[in-house]
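Okay, so here's the structure we're looking at.
The values are calculated or read from the model by the stated rules, or taken from the named source; none is laboratory data. Keep in mind that this is a model prediction, so the values were computed, not measured. Backbone-built Cβ (ideal geometry, glycine too); neighbour counts: all protein chains shown. These area figures cover heavy atoms from the full protein model, side chains too; ligands, DNA and RNA do not enter into them. Shrake-Rupley method; radii C 1.70, N 1.55, O 1.52, S 1.80 Å.
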Amino acid sequence: MGVAELFPAERQEAKPVDRITIRRPDDWHIHLRDGAMLKAVLPYTAAQFARGIIMPNLVPPVTTVAAAQAYRERILAALPAGMDFTPLMTCYLRDDTDPDEIERGFRDKVWVAAKLYPAGATTNSHAGVTDLNGIAPVLERMERIGMPLLIHGEATDPEIDIFDREAAFMEGSLIPLLGRHQGLKVTVEHATTAEILDVVREHRSRCAATITPHHLVINRTHIFQGGLRPHLYCLPVAKRERHRLALRKAATSGEACFYLGTDTAPHVRGAKEASCGCAGVFCGPSALQTYVQVFDEEGALDKFEAFASLNGARFHGLEPNPGTVTLERRPGRVAEAVSVDDTAVVVFRGEETLPWSVA
Ligand SMILES: NC(=O)N[C@@H](CC(=O)O)C(=O)O
Ligand SMILES: [Zn+2]
Ligand SMILES: [Zn+2]
């Protein structure tokens with residue numbers, strides 16, 4: 001007699017869960033831009049998330065306490081009446097960042113973290129850091145005051161194959177940095193490789209990774225499916241299928257070191273559909289629908305709240321949000337594109353009918 005006959009109840013098909021209610025989630029990686037773009041995209045993020053880390057890669061970047069305060073005010077002014085969203089600001093690190101300015105903004109609760117863009121690694125990163133050793137005094141200060149470092153983890157040497165840049169950064173910069181600054185809290189943003197997930201796990205007492213919705217559903221082949229798909233191009237670029245599977249496993253594992261960060265990164269249509277198109281996927285409007293679909297497909301809906309609403313808050317020393325959001329298995333569409341001035345930003349999965357909707 002097999003196990004199945006001994007335990008007949010286990011053979012019954014579990015009734016699929018069609019609704020899930022979780023604490024209101026947060027998005028720990030957002031590009032809101034500024035001006036008309038900010039006004040156009042903010043409502044989509046505020047509709048899904050209670051709080052969010054606002055990335056500082058404006059032109060010029062947000063490098064001072066005063067600039068972060070002013071940007072936060074512009075975000076709050078752009079928030080439609082009746083919506084509630086708390087922007088958590090960040091400081092863009094440069095070679096000449098002053099440790100005292102970093103500490104002042106953190107103590108005054110203007111910013112909650114600093115963002116490391118290796119110079120040239122991604123959109124608006126040219127003013128970023130050219131030499132990690134050069135900012136050791138800043139990192140030592142952050143370590144001392146408990147301020148997290150958020151990292152775009154890609155090597156910048158143009159000779160390095162674009163699909164290897166996260167791995168090269170991991171070996172050449174991230175692992176040494178974690179060794180040099182053993183108390184520094186570090187988030188690896190938009191993780192895209194299996195190997196970096198293991199490095200995060202090894203340092204999980206003070207290291208975490210955000211995982212985007214798009215990296216959970218596309219691999220590098222999708223970018224070329226039937227022709228070049230510029231709206232699927234972002235940095236770090238999507239990798240091979242085995243990496244996508246590792247990301248799905250990590251996100252849905254319930255491990256506290258993995259949490260939600262969409263990297264929603266709007267660029268107007270003309271900047272994406274171009275001979276030299278910008279990197280960034282505008283996934284804000286379909287983010288929760290995509291994440292919950294992945295958790296459902298992986299049989300891990302019970303782990304969704306930890307990923308979306310608890311792990312990130314814990315890493316940043318914040319309470320989870322009051323209030324809840326409900327998602328349901330109901331086919332639905334999100335906007336295909338969002339208008340900005342006389343053009344638009346194309347929405348990730350905006351042309352699809354999604355199996356899950358926000359109730
Ligand atoms: N992810 C992207 O491809 N682009 C982001 C920058 C970033 O997060 O690296 C952007 O600001 O457009
Ligand atoms: Zn990035
Ligand atoms: Zn980003």
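Using only Cα atoms and rounding to the nearest 10 degrees, what angle (0 to 90) does helix 241-251 make with the longest principal axis of the chain?
90 degrees
Which cross-chain or sequence-distant (5 or more) residues have an amide H under 5 Å from the amide H of residue 265, H modelled 1.01 Å from N in plane?
Placed amide hydrogens put 281, 282, 283, 284 under 5 Å from residue 265.
Could you tell me how far the Cα centroid of region 56-74 sits from the Cα centroid of region 148-167, in Å?
Using only Cα atoms, the two centres lie 25 Å from each other.
Calculate one ³J(HN,Hα) per residue across region 87-100 by plugging θ = phi - 60° into the Karplus curve 6.51 cos²θ - 1.76 cosθ + 1.60, and present them in order as whole Hz with x for glycine and proline.
Listing the rounded values in order: x, 9, 8, 9, 10, 7, 7, 10, 4, 9, 4, 8, x, 5 Hz.
Ordered by residue, what ³J(HN,Hα) values in Hz, to whole numbers, does region 144-153 give under the Karplus form 6.51 cos²θ - 1.76 cosθ + 1.60, where θ = phi - 60° and Gly and Pro are x?
After applying 6.51 cos²θ - 1.76 cosθ + 1.60, I find 5, 9, x, 9, x, 9, 9, 10, 7, x Hz.
Return the subset of 115/249; 185/249; 39/249; 39/109 for which the Cα-Cα distance in this structure is over 29 Å, preserving the input order.
39/249
Amide H neighbours of residue 153 under 5 Å, counting only residues 5+ apart in sequence or on other chains, H built in-plane at 1.01 Å?
189
I need the phi-derived Karplus couplings for region 65-81: 6.51 cos²θ - 1.76 cosθ + 1.60, θ = phi - 60°, integer Hz, Gly and Pro marked x.
With the stated coefficients, region 65-81 comes to 4, 4, 5, 5, 4, 5, 5, 4, 4, 5, 5, 5, 5, 7, 6, x, 4 Hz.
Taking 8 Å as the Cα distance limit and 6 or more residues as the minimum spacing, I'd like the relative contact order of the chain as a percentage. List each step's numbers first, then the result.
Values: 719 pairs, mean separation 65.4, N = 359.
In percent, rounded to a whole number, it is 18.
Taking the alpha-carbon centroid of each part, what is the distance from region 87-136 to region 278-306 in angstrom?
Using only Cα atoms, the two centres lie 28 Å from each other.
What are the radius of gyration and Dmax of the chain, computed over its Cα atoms and given in Å?
Radius of gyration, then largest Cα-Cα span, for the chain: 20.1, 72 Å.
Carbon-plus-sulfur fraction of the accessible area of the chain, 1.4 Å probe, in percent?
Details: 7770 of 15270 Å².
Roughly 51 percent of what the probe reaches on the chain is carbon or sulfur.
Using a probe radius of 1.4 Å on heavy atoms only, what accessible surface per residue do you get for the chain? Whole Å² is fine.
Values: 15270 Å² over 359 residues.
With all protein chains present, the chain gives 43 Å² per residue.
Using amide H atoms built in the peptide plane, which far-off residues or other-chain residues are under 5 Å from residue 330 H to H?
Amide H to amide H, under 5 Å and 5 or more residues apart or across chains, residue 330 pairs with 356, 357.
Compute the distance in nm between two label points, each set 7 Å from the Cα along the Cα-to-Cβ direction, one at residue 351 and one at residue 145.
Between residue 351 and residue 145, the simple spin-label model gives 4.7 nm.
Below 8 Å between Cα atoms, with a sequence gap of 6+, how large is the relative contact order for region 26-146 in percent? Spell out each step's value before the answer.
Values: 189 pairs, mean separation 28.5, N = 121.
With pairs under 8 Å counted, the relative contact order is 24 percent.
Evaluate the relative contact order of region 136-291 (contact order divided by residue number), counting alpha-carbon pairs under 8 angstrom at least 6 apart; express in whole percent.
21 percent
If I take the Cα coordinates of region 122-190 and project them onto the principal axes, what are the three extents in Å, biggest first?
So the extents along the principal axes, rounded to whole Å, are 36, 23, 22.
Give the longest segment of the chain that steers clear of GluC sites (Glu not before Pro) in DSSP loops with at most 12 neighbouring Cβ atoms within 10 Å, not counting the sites themselves.
The longest uninterrupted stretch comes out as 160-350.
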